[in-house]
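Chemist: Quick one: the structure is below, questions incoming.
The values are calculated or read from the model by the stated rules, or taken from the named source; none is laboratory data. Model, not experiment: these values are computed from the prediction. Backbone-built Cβ (ideal geometry, glycine too); neighbour counts: all protein chains shown. All accessible areas refer to the heavy atoms of the entire protein, side chains included, with ligands and DNA or RNA removed. Shrake-Rupley method; radii C 1.70, N 1.55, O 1.52, S 1.80 Å.
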Amino acid sequence: NAKSICASGMIDILSVLRKCGDIDFFGTFKEKDNLLKGVNAEHHCFYLSQKHTRVCINQADIRNIQLAKSAVLSGILSLLENEKLGLEEVDEIVLTGAFGSGINLKNAMDIRLLPKLEESRYVFAKDLLLEGATRLLYDDKVVENMIAWANSIKHVELGHIDMFKDIFIDNMNV
């Protein structure tokens, strides 16, 4: 019996709800008697099972997904804008960790969590952190390279990028 929904599952659900017309471009549930079950007059919930278990997604869940996915895409686009680069100049985007390796790219691009690029430009590296830590322990040259790389990183405050707020608002829709 499911008790909750993982983040990659929420991405898939939002994409399917949008494709099926159960939510609109703004992420608002459409009134459909067969899909929405009112808990009370103000609170609707989309149940993820025919048995009406307690696992459901409501309007607040969708808004939270919209905020998170807009922050990710807006961060990517703002950093590119800040460096005067276009998406066509990005060779690859690396997705890491359990979340990154479990994500459905088509759905993530559909809801505008990730930029719409050819899937081949996305690289999945599930255990990148563990691999890097292991290499650091066994190879002094890796340590030197990592220190040089870390010293070359430029820190950018997204809030200081003029267009970030506008880009964030533009990417709230699904």
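Chemist: For the list (1) in a helix (DSSP H, G or I); (2) modelled with pLDDT of 90 or more; (3) open to solvent by 60 Å² or more (accessible area, probe 1.4 Å); (4) within 15 Å of VAL72 (Cβ to Cβ), I need the number of the one condition that ILE167 fails.
Modeler: The number of the failed condition is (3).
Chemist: Can you tell which of ALA98, ALA71, ALA133 is among the small types (Gly, Ala, Ser) and more than 20 Å from the chain's Cα centre (by Cα)?
Modeler: On the way: ALA98 fails: more than 20 Å from the chain's Cα centre (by Cα); ALA71 fails: more than 20 Å from the chain's Cα centre (by Cα).
Just a single option satisfies the conditions, and that option is ALA133.
Chemist: I'd like the residue in region 95-109 that is polar (S, T, N, Q) and in a helix (DSSP H, G or I) and, out of all such residues, is modelled with the lowest pLDDT.
Modeler: First, pick out the residues of region 95-109 that are polar (S, T, N, Q): 96, 101, 104, 107.
Checking which are in a helix (DSSP H, G or I) leaves us with 101, 107.
Numbers: SER101: 79, ASN107: 96.
If we take residues in region 95-109 being polar (S, T, N, Q) and in a helix (DSSP H, G or I), then SER101 is modelled with the lowest pLDDT.
Chemist: Count, please, the residues in region 69-98 that happen to be within 20 Å of ASP162 (Cα to Cα) and open to solvent by 20 Å² or more (accessible area, probe 1.4 Å).
Modeler: Looking only at that region, the number is 12.
Chemist: Would you pick out the residues in region 83-126 that are closer than 25 Å to PHE26 by Cα and either β-branched (Val, Ile, Thr) or touching an Asp or Glu at 6+ places or on another chain (Cβ under 6 Å) (or both)?
Modeler: ILE103, ASN104, LEU105, ASN107, ILE111
Chemist: Turning to a different aspect of this structure: Of all residues in region 77-94, which are within 22 Å of GLY132 (Cβ to Cβ) and either at pLDDT below 90 or assigned to a helix (DSSP H, G or I) (or both)?
Modeler: LEU79
Chemist: Determine whether region 62-73 contains at least one residue that is in contact with a Phe, Trp or Tyr (Cβ under 8 Å, 6 or more places away or on another chain), in a helix (DSSP H, G or I) and closer than 23 Å to SER120 by Cα. Give the derivation first.
Modeler: So the first thing to find is which residues in region 62-73 are in contact with a Phe, Trp or Tyr (Cβ under 8 Å, 6 or more places away or on another chain), and the list is 62, 70-71.
Next, from what is left, pick out any that are in a helix (DSSP H, G or I): 62, 70-71.
Still in the list and also closer than 23 Å to SER120 by Cα: 70.
So far as region 62-73 goes, yes, one or more of its residues are in contact with a Phe, Trp or Tyr (Cβ under 8 Å, 6 or more places away or on another chain), in a helix (DSSP H, G or I) and closer than 23 Å to SER120 by Cα.
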